[in-house]
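The values are calculated or read from the model by the stated rules, or taken from the named source; none is laboratory data. Worth saying up front: this structure is predicted, and the values here are computed from it rather than measured. Positions of Cβ are generated from backbone atoms using ideal geometry, with glycine treated the same way; all protein chains shown enter the neighbour counts.
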Amino acid sequence: MTYRHRLAGVVLAMGMVVALPGLGQEAAKKEAPKAALSPSQAVLEQWNEVGRKLIAMAEDFPEDKYEYKPRPEQRSFREQLLHACDSNYFFTNPAMGKPMPTEEDPSKNKLKTKAEVAAYVKKSFADGAAAIKAKGDAGMSETIVDPYGNRQVRLGDLAYELIEHSGEHYGQLVLYYRVNGMVPPESRPKK
């Protein structure tokens, strides 16, 4: 390789080092960043995301395994879903001016089939989403008295508590899939 070739290679490499950051900046200049979500939009997005995952499981898990329990003292797959969705009403009811639920798992003895459970999972998350939309940003900052913790809590914080609670049950339900030799919908390759 001659001196001219090496010099041309060095000049070309230096030109790329200088030009590449500029190319990235040009692309960034063309597309402005999206605006941040409002507080209620952020809560709604998370609420709907965990709801989407639980709805997919409710519709996907085989009905003949709905009563499966990893251990006898644990909740069945069906009971796990119902517990998570019954708990949603600890947010939805006060957000909509209704009294808090009086029992922990009222649907456990009422909803038995896969179709009934899947419909209830959809309804509980749709009701919560409707409450979040109805309250908007200002309403999510309203405070209520949490009768179980005897403390004031903002509705938005209460919604996040229930989102986190649903996420915990989602994780437990993933185990139910895995122990049964199945892959949960969220873990499957995307088409």
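Please specify each residue of segment 171-191 satisfying the condition of being part of a helix (DSSP H, G or I), of a type outside the set (Val, Ile, Thr) and farther than 11 Å from ASP60 by Cβ. Step through it out loud before you land on a result.
Going through segment 171-191, the residues part of a helix (DSSP H, G or I) turn out to be 171-179, 185-187.
Next cut, of a type outside the set (Val, Ile, Thr) only: 171-173, 175-178, 185-187.
Those that are part of a helix (DSSP H, G or I), of a type outside the set (Val, Ile, Thr) and farther than 11 Å from ASP60 by Cβ: GLY171, GLN172, LEU175, TYR176, ARG178, SER187.
State the number of residues belonging to segment 46-87 that are in a loop (DSSP other than H, G, I, E, B) and aromatic (Phe, Trp, Tyr).
If we filter segment 46-87 for residues that are in a loop (DSSP other than H, G, I, E, B), which is where we start, we get 61-62, 66-76.
If we keep only those that are aromatic (Phe, Trp, Tyr) too, we end up with 61, 66, 68.
Here the count works out to 3.
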Within segment 41-61, can one find any residue that is under 17 Å from the mean Cα position of the chain (by Cα), at pLDDT below 95 and surrounded by fewer than 20 Cβ atoms within 10 Å (Cβ to Cβ)?
no
Just one of the numbered conditions (1) outside any helix (DSSP H, G or I); (2) in contact with a Pro (Cβ under 8 Å, 6 or more places away or on another chain) is not true of PHE90; which one?
(1)
Could you say which residue among ALA118, ALA134 is surrounded by fewer than 15 Cβ atoms within 10 Å (Cβ to Cβ) and assigned to a helix (DSSP H, G or I)?
ALA134
Show the residue pairs meeting these rules: Cβ distance below 7 Å; 6+ apart or different chains; first residue within segment 167-185 and touching a residue at least 60 places away in the same chain (Cβ under 8 Å); second residue outside any helix (DSSP H, G or I) and of a type in the set (A, V, I, L, M).
TYR177/VAL183
Looking only at segment 68-77, decide whether some residue is out of contact with any Ser or Thr (no Cβ under 6 Å at 6 or more places or on another chain), closer than 28 Å to GLU142 by Cβ and free of Cβ contacts under 8 Å to residues at least 12 places away in the same chain.
no
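Restricting attention to segment 110-150, report how many residues are over 21 Å from PRO99 (Cβ atoms), of a type outside the set (A, V, I, L, M, F, W, C) and touching a helix residue (DSSP H, G or I) at 6+ places or on another chain (Cβ under 8 Å). Can you show your working first?
Let us first name the residues in segment 110-150 that are over 21 Å from PRO99 (Cβ atoms), namely 111-119, 121-122, 133, 136-138, 141.
Of the ones still in play, those that are also of a type outside the set (A, V, I, L, M, F, W, C) are 112-114, 116, 122, 133, 136-137, 141.
Filter once more, so that each one left must be touching a helix residue (DSSP H, G or I) at 6+ places or on another chain (Cβ under 8 Å): 112-114, 122, 133, 136-137, 141.
Total satisfying the criteria: 8.
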Conditions (1) modelled with pLDDT of 95 or more; (2) within 22 Å of VAL179 (Cα to Cα); (3) surrounded by fewer than 21 Cβ atoms within 10 Å (Cβ to Cβ) -> LEU81 fails only (3)
Starting from residues that are within 22 Å of the chain's Cα centre (by Cα) and of a type in the set (A, V, I, L, M), keep the ones in segment 84-109 and report whichever is surrounded by the most Cβ atoms within 10 Å (Cβ to Cβ).
ALA84
Go through segment 147-166 and count every residue that is crowded, with 16+ Cβ neighbours inside 10 Å and of a type in the set (S, T, N, Q).
1
For segment 137-170 the number of residues that are among the hydroxyl-bearing types (Ser, Thr, Tyr) and part of a helix (DSSP H, G or I) is 3
